1. Criterion first (aliphatic (A, V, I, L, M), closer than 30 Å to B:S126 by Cα and exposed (fewer than 12 other Cβ atoms within 10 Å of the Cβ)) does B:I201 satisfy it?
2. Under the condition of being among the polar types (S, T, N, Q) and surrounded by fewer than 17 Cβ atoms within 10 Å (Cβ to Cβ), which residue from region B:3-37 is modelled with the highest pLDDT?
3. Of all residues in region B:43-75, which are more than 18 Å from the chain's Cα centre (by Cα) and hydroxyl-bearing (S, T, Y)?
4. Taking the residues in region B:52-67 that are within 12 Å of chain A (Cβ to nearest Cβ) and among the small types (G, A, S) as candidates, determine which candidate is farthest from B:P38 (Cα to Cα).
5. Name the single residue, out of those in region A:33-55 being under 30 Å from A:I22 (Cβ atoms) and modelled with pLDDT of 90 or more, that is farthest from the other protein chains (Cβ to nearest Cβ).
6. Under the condition of being among the aromatic types (F, W, Y) and surrounded by fewer than 16 Cβ atoms within 10 Å (Cβ to Cβ), which residue from region A:58-83 is nearest to the other protein chains (Cβ to nearest Cβ)?
7. Can you tell me which residue is nearest to the other protein chains (Cβ to nearest Cβ) among those in region B:151-191 that are surrounded by fewer than 16 Cβ atoms within 10 Å (Cβ to Cβ) and among the polar types (S, T, N, Q)?
8. Tell me which helices (runs of 4 or more DSSP H) are completely within chain A and hold 3 or more residues being under 21 Å from the mean Cα position of the chain (by Cα), or say none if there are none.
Amino acid sequence: MTMDLVIIGAVSMVVAGLTIAIGSIGPALGQGRAVSQALASIAQQPDSANTITRTLFVGLAMIESTAIYCFVVTMILLFINPFWRFFAERLGG
Amino acid sequence: MTLDISFWELMINTWVVMAVLVVCSWLVSRNLTSEIHPTGLQNWLEAVVEAIDGQIREISAGDSKPYLAFIGTLFLFILTSNVLAIFPSMAQLVEGLPKVYHAPTSSLETTAALALAVFFAVPLFSISRYGLRHYLGTYLKPTPIMLPFNIIGELSRTLALAMRLFGNMMSGVIVVAIAISIAPLVFPVVLQLFGLLTGSIQAYIFAVLAMVYIASASKTQQKAGGK
């Protein structure tokens, strides 16, 4: 009975680590590409640096939100895991 | 641990932020002058308002008057609540509360409320300027097939708006908490400084995104009206 809880806990921890690890690869690559392109554009056209910077920030925020989703899922798995709660209540009662 | 921000702590911190904003504005606007070279706080606040005004003007490519109050309030509230996170003990006045100031924006309730405000502001601004027919028409652009995707996009960007601010601010709180438990002397201060930078950028991004959403619901209509 308690072994089930141990398995749920262990799987949650491992999956939480994998979620943030794998989930941050894609946004990192995307943000790197976006920033390098923006820097190249600013170097070519310093006059439009204002517009480029603002658009870059908005774009970075959009890209970053995927990583933030992964982070929130990780936090849910670690701190307020619904499966853990469900099975703990069932086993306890 | 850090995920649990109690209701009263959240309330008190939100009211602290609002009080800071109101008292600052009251102090400045108590004796306004119309001189060409304003001094002191008035100079500072005018610079802030003009910066916001210029950003809105650039994004909306039109006049900024209808949007200035809403976008400016969003920006200043989020900025203040993020920057105040460098002060440790805001809720200390009341017995039994944790002795730490959590930025209200690091709880999902506050960010969800702010995102919902943007969600309702987009149709309100659009309808008040261009009418209901034009606003509903934007859902059928570019073709009526896009209708479900437009609706999904409307909902998911509201979710993303709330999650982005919440995730960034909460991750700052958690990283500082972890740093304190590992290397309590200098390292958390560096992370707090980094948190100030993140907080300012997130406030800027939230305001800019809100303005972009509002402007995007208006610009398509301007084109449609021109045809």
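The values are calculated or read from the model by the stated rules, or taken from the named source; none is laboratory data. Since we're looking at a predicted model, the values are computed, not measured. Positions of Cβ are generated from backbone atoms using ideal geometry, with glycine treated the same way; all protein chains shown enter the neighbour counts.
1. Considered against the rule, which asks whether it is aliphatic (A, V, I, L, M), closer than 30 Å to B:S126 by Cα and exposed (fewer than 12 other Cβ atoms within 10 Å of the Cβ), B:I201 comes out as no.
2. Our first condition is that a residue be among the polar types (S, T, N, Q); within region B:3-37, this holds for B:6, B:13-14, B:25, B:29, B:31, B:33-34.
Then keep just the ones that are surrounded by fewer than 17 Cβ atoms within 10 Å (Cβ to Cβ); that gives B:6, B:25, B:29, B:31, B:33-34.
Details: B:S6: 73, B:S25: 89, B:S29: 83, B:N31: 77, B:T33: 78, B:S34: 79.
Taking the candidates together, the pick is B:S25.
3. None - no residue of region B:43-75 is more than 18 Å from the chain's Cα centre (by Cα) and hydroxyl-bearing (S, T, Y), so the list stays empty.
4. Checked region B:52-67; the qualifying residue farthest from B:P38 (Cα to Cα) is B:A61.
5. A:A40
6. The initial filter retains those residues of region A:58-83 that are among the aromatic types (F, W, Y), namely A:69, A:71, A:79, A:83.
From what's left, surrounded by fewer than 16 Cβ atoms within 10 Å (Cβ to Cβ): A:79, A:83.
Details: A:F79: 5, A:F83: 17 Å.
Ranking the candidates gives A:F79 first.
7. The extreme case among them is B:S156.
8. Values: elements: A:2-23, A:25-44, A:49-79, A:82-92.
Filter on chain A gives A:2-23, A:25-44, A:49-79.
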